[in-house]
Structures are given as structure tokens and as C-alpha cells.
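Below is one structure, written out as C-alpha cells; the observations come after it.
The values are calculated or read from the model by the stated rules, or taken from the named source; none is laboratory data. Remember, predicted model here, so these are calculated numbers, not experimental data. With ideal geometry, Cβ positions are generated from the backbone for all residues, glycine too; neighbour counts draw on all protein chains shown. Note: areas computed on protein heavy atoms with side chains; ligands, DNA, RNA excluded. Shrake-Rupley method; radii C 1.70, N 1.55, O 1.52, S 1.80 Å.
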Amino acid sequence: MQFDLTPEQVAIRDAVRELCRSEFEPHAERWDRQGEVPRAAVDCLAAQGFLGMAIPEEWGGVGYDARTISLVLEEIARVSAALAIMIAVHNSVGALPVFRFGSDAQRRRYLPRLVSHQLAAFSLSEPGAGSDAGAIQSVALRRGDRYVLNGSKNWVTNGLQAGIYLIFARTDKAAGNRGLSAFIVERGAPGVVIGKPEDKMGLRGSDTVALSLEDLEVPAEQRLGEEGQGFSIAMSMLDAGRIGVASQALGVLGAAFDAAARYAQQRVAFGQPLTKIQAIQFKLAEMERRAQCARLLIQRAAWLKDAGRPYSREASMAKLYASEAATWVTHQAVQIHGGYGYVKEYAVERYYRDARVMEIYEGTSEIQRLVIARSLLKDGVRV
Ligand code: CAA
């Protein structure tokens, strides 16, 4: 495994860092307050190719490897975790499945818009099916050359503005996990009723909605993959998505660490800067340790993915560790700020709220532990 970044990765990271600093950082607090990341921010990233990160160049994308995608998401998350999740979901569980499982006709139809300007959404969860994704109740009944979908979906990131939705529904009631199928549904299709955005604790600039499917007709040629393949498509895409969420967590964690270290250098208590106090030094040391551990786990998962090797367990470990590190580090960053950390004037208050969901979405910490344990018991320890 190569630890150094390639010159190209360094150039991409530095370019996206500069873009984020100049274009997004001055506005991230306002996006949070107003509850909306403006379309112009997505367009700005789209213009640089960041909507096609996981798509090869011959299909119009920029064809980045997993490690490079991770670097980009980390940099975006350092300034706006809300914008980062919009881009992460779009790339890992929106556009990538269309490339990976789509027919050539589907790729020709959808990829040009997905790599250039349209966001994608991933709609797996339901009010009664979150961690237990196989409990999906939405149905897709075959009627001739189309399917008719009915049901309720929720927690759909980008759901308000997506151009296409990847929707999972049950095509066989008796077949359990093997009875799910995936469908590409276009924005504006009659029968997709978009709910009002959730009033969330954090990531307030990123929209999250429920969808109601009411006799939604989907042409059979818009089914993604085979009938019954939906669960395995969702699981394999979530493997990629979990490296993205881990990278997002690393970005927020890094921003909180920087803010806490800066504050600790400036703030004087008991006649000395906070950094002279051992209790604060220990917090900063522990933040750095967790950041480095998270980075290594992310790099390893991305490296395995890029090498075409199994990486599900490692993606779960990276997501589990980085998200828990992010909630811990942002908690401590607020603590170091004292009362100032509890008011919106200081960014650590936003980082703290933003980090919390990373232990929940794209699989809770409990689900990550389950995935890791099952993999261990099945395949043994990997070195
Ligand atoms: N890749 C490919 N296939 C996989 C897989 C993977 N990583 N993991 C499992 N499968 C396959 C299995 O091989 C098995 O196939 P067969 O039926 O052919 O044997 C099948 O899927 C069923 O596997 P399990 O027996 O492991 O399934 P399970 O019902 O026990 O569930 C689970 C496993 C890990 C708990 C799964 O349900 C899960 O990951 N739950 C969490 C769901 C999740 O992350 N949801 C987040 C939604 S997106 C979101 O958060 C919103 C957003 O927009 C950000």
C-alpha cells in the first residue's frame, strides 16, 4: 500500500482545497442558517468535473480512483459537510450504480446529465425499513412493459432537487432480500410525491425528504440490473458510499481540530494560553491520534477498492471509526471553546451538529459492527 499521494492527487487536492476556501467557506455558515446549499455551489463543483468523479472518462466522467474521491470529499467537508454529503451521495450511490449496473442504453441516457449537472438521489430506506434494509415494503408490480410502484420512502438525500432517483422496491413478496429490485426514476415522473424537507439537527444545507410512490409507472427498461438484484446492488453501492461518509467525517473532524487548536493558542486562562495546560494538550493529542487512525483506515479501504479486492469490511471499519472520531473530536472542540463553543458565532457548534448523523446514515455504527463481525466470522482475520 502506497502512503504518499501521487503528484496528480496532490494537485487535485490542492485545487479543490483552494476552490473550497475561496468559493464555499465564506458562505457555509449562512447555508446552515438558511437551510440551503445554493444550486450555484453544486454547479461550481460540476464545472470542475466533481459530479463525475466515479465515472470513467470514456463515459464523460473524470475517472478518479477511490482515494482521490476520498480526498476531494474530505476537502469539501472541511468547509461544508452539507455540500460534501450532497456530492458524496451523488457520486457513490447515485451515478456509480448507473455505471456499474446499467445497460449501455441506460448509461447513454443518464450518465451525460449525471456527470455534468443533475444530482442523483438514492432511495432505499422506508419508515419501517432503516437498518433492516431487507424489510422494504414498497412494491413494484410488473404490468406488461412497465412496473407500477407504490409505497413510502424516507431519508432521501438530494431528494428535493435530484434529476434522477434510484428507488428500491419489492418485486417478489416471498423472496426476502432477493425479492428487491432497483429502478431509475426521473424527476417529475407522475406518481412521485416529494415530501417537505426534514428539519434536521445538522447538515441543514443538504435537503432530506420523504417520497411517496403513488401508482408510479416505470418502464421496464428503467429497471437497474436484474429483477431481484436490488438488495445486492444497494449493499455493494453502500460499501463505496461508506468510504465517502468516512471521508466526510474526516473533513469535519479536521476542521474542528484546527478550530480548537487555534482557539487554544489564543485563549488565555490562569495566566497562560490553553495550550500550556496539560488537560488541553491531552485533548489535542487524542484528536490527532483519532484523525490519523481514521485517515489510515480510509486509505486502506480505498486502496483495496482500487485494487479490485474485497473491501466491504474495511469500508465499514473506516466509516465506523471516522464517524465516531468525528463526534468525539467535535465534542471536544466545543469543550475547549467552553461557552463560546455553544453559540453559533463559532463554527465548532455547526461541526458538532453536522458530525452526529455520520454515525447513523449509510448504516449505523451498530450495523457497521455487524458487517465487520460477519465478515470476520466468514473469512477470518485479514492482514
Ligand atoms: N455487497 C454485495 N452483496 C451483499 C453485500 C455487499 N456488501 N452484503 C450483503 N450482500 C448480499 C449477501 O451476499 C446476500 O446475498 P444472497 O441472498 O445471494 O446470499 C444478501 O445480500 C443478503 O445479505 P445479508 O444476509 O447479510 O442481509 P441482512 O438482511 O442480514 O442485512 C445488513 C445485512 C448489513 C444489516 C444490511 O441490511 C444493511 O447494510 N443495513 C443498513 C442499510 C443502510 O446502510 N441504509 C442506509 C441507507 S442510505 C442513507 O443513509 C441515506 C442517504 O441518502 C445518505
Check your understanding: Which one of Gln137, Gln161 is surrounded by fewer than 23 Cβ atoms within 10 Å (Cβ to Cβ), part of a loop (DSSP other than H, G, I, E, B), within 14 Å of the ligand (Cβ to nearest atom) and not assigned by TED's automatic domain parsing to the domain that holds Arg100?
Key -> Gln161
Exercise for review: Determine the pairs where a residue that is outside the structural domain of Ala325 (by TED's automatic domain parsing) and free of Cβ contacts under 8 Å to residues at least 60 places away in the same chain, located within region 256-279, has a partner that is surrounded by 10 or more Cβ atoms within 10 Å (Cβ to Cβ) and assigned to a helix (DSSP H, G or I) with Cβ atoms under 6 Å apart, the partner being 6 or more residues away or on another chain.
Suggested key: none
Point to revise | Enumeration of residues in region 251-266 that are of a type outside the set (Gly, Ala, Ser), farther than 14 Å from Ser80 by Cβ and open to solvent by less than 10 Å² (accessible area, probe 1.4 Å) | key: Leu253
Revision key, fill the gap. Inside region 96-112, the number of residues satisfying the requirement of being touching a Phe, Trp or Tyr at 6+ places or on another chain (Cβ under 9 Å) and under 21 Å from Ala318 (Cβ atoms) is 1
Review point. What is the residue count in region 1-17 for residues that are in a helix (DSSP H, G or I) and open to solvent by less than 100 Å² (accessible area, probe 1.4 Å)?
Key: 9
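Per-residue answers, yes or no, for (1) touching a Gly at 6+ places or on another chain (Cβ under 6 Å); (2) in a strand (DSSP E or B); (3) within 16 Å of the ligand (Cβ to nearest atom):
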{"site": "Leu96", "(1), (2), (3)": "no, no, yes"}
{"site": "Pro112", "(1), (2), (3)": "yes, no, no"}
{"site": "Leu141", "(1), (2), (3)": "no, yes, no"}
{"site": "Val148", "(1), (2), (3)": "no, yes, no"}
Review point. Of (1) open to solvent by 40 Å² or more (accessible area, probe 1.4 Å); (2) more than 30 Å from Tyr352 (Cα to Cα); (3) not acidic (Asp, Glu), Gly128 satisfies all except one. Which?
Key: (2)
Practice item. Give me the pairs, please: first residue somewhere in region 22-34 and open to solvent by 20 Å² or more (accessible area, probe 1.4 Å), second residue anywhere and among the β-branched types (Val, Ile, Thr) and in a helix (DSSP H, G or I), beta-carbon distance under 8 Å, and either six or more positions apart or on two chains. Key: Glu25/Val79
Exercise for review: Might you check whether a residue that is small (Gly, Ala, Ser), closer than 29 Å to Pro197 by Cα and not in a helix (DSSP H, G or I) occurs anywhere in region 59-77?
Suggested key: no
Study note, to complete from the structure: Given the conditions (1) closer than 29 Å to Ala129 by Cα; (2) away from the ligand (no atom under 16 Å from the Cβ); (3) assigned to a loop (DSSP other than H, G, I, E, B), every one holds for Tyr361 apart from (2)
**Study point:** Residue, surrounded by the fewest Cβ atoms within 10 Å (Cβ to Cβ), within region 104-119, restricted to residues that are out of contact with any strand residue (DSSP E or B) (no Cβ under 9 Å at 6 or more places or on another chain) and farther than 26 Å from Cys44 by Cβ
**Key:** Asp104
